[in-house]
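The values are calculated or read from the model by the stated rules, or taken from the named source; none is laboratory data. Here the structure is a predicted model, which means the values were calculated and not measured. We place every Cβ from the backbone using ideal geometry, glycine too, and count neighbours over all the protein chains shown. When the accessible area is computed, the model is the full protein with side chains, heavy atoms only, and any ligands, DNA or RNA have been set aside. Shrake-Rupley method; radii C 1.70, N 1.55, O 1.52, S 1.80 Å.
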Amino acid sequence: IGQTQFLPSSYIKYGVDFDGNGHVDLRHSIPDVLASTANLLKVNGWQSGQPYDMGSRNFEVMREWNRSEVYRRTIGAFADRLR
């Protein structure tokens, strides 16, 4: 569901109404999307400032978001390019 492709169970478990309009909207609200994705990572042990490449703790945390190793490596590659 939505821009970062949450499963329905993750939408319920990690969704955050960050724009304050009274509901979580992972399709149209960028603040809700980003806050919900950050919440999923944080709840599962993401360590800010630490590596997220294959073999790292953060790489395993991303597994809760998507089990595909190729997907997680791609997210890391995009994050590196955005830095």
Identify the residue in segment 63-72 that is more than 12 Å from the chain's Cα centre (by Cα) and in a loop (DSSP other than H, G, I, E, B) and, among all such residues, is farthest from Phe6 (Cα to Cα). Ser68
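If you take the residues in segment 36-57 that are part of a helix (DSSP H, G or I) and under 19 Å from Gln5 (Cβ atoms), which one is most open to solvent (accessible area, probe 1.4 Å)? Working first, answer last.
Keep residues of segment 36-57 that are part of a helix (DSSP H, G or I), which gives 36-43, 57.
Adding the requirement that they be under 19 Å from Gln5 (Cβ atoms) leaves 36-43.
Details: Ser36: 0, Thr37: 16, Ala38: 54, Asn39: 45, Leu40: 2, Leu41: 28, Lys42: 154, Val43: 90 Å².
So, considering only residues that are part of a helix (DSSP H, G or I) and under 19 Å from Gln5 (Cβ atoms), the one most open to solvent (accessible area, probe 1.4 Å) is Lys42.
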Expected output for segment 60-80 (first residue in contact (Cβ under 8 Å) with a residue 24 or more places away in the chain, partner open to solvent by less than 50 Å² (accessible area, probe 1.4 Å), Cβ below 6 Å, 6+ apart or cross-chain) is Glu64/Asn44; Trp65/Leu40; Gly76/Tyr52
Residue tally, condition open to solvent by less than 90 Å² (accessible area, probe 1.4 Å) and part of a helix (DSSP H, G or I), over segment 1-35: 9
Within segment 13-56, track down each residue that is of a type in the set (Phe, Trp, Tyr) and farther than 18 Å from Arg73 by Cβ. Tyr14, Phe18
Of (1) of a type outside the set (A, V, I, L, M, F, W, C); (2) part of a helix (DSSP H, G or I); (3) farther than 20 Å from Thr74 by Cα, Glu60 satisfies all except one. Which? (3)
Within segment 15-35, how many residues are within 12 Å of Ile1 (Cα to Cα) and either under 15 Å from the mean Cα position of the chain (by Cα) or aliphatic (A, V, I, L, M) (or both)? 6
Given the condition part of a helix (DSSP H, G or I) and either of a type in the set (Asp, Glu) or in contact with a helix residue (DSSP H, G or I) (Cβ under 6 Å, 6 or more places away or on another chain) (or both), answer yes or no: does some residue in segment 73-80 qualify? yes
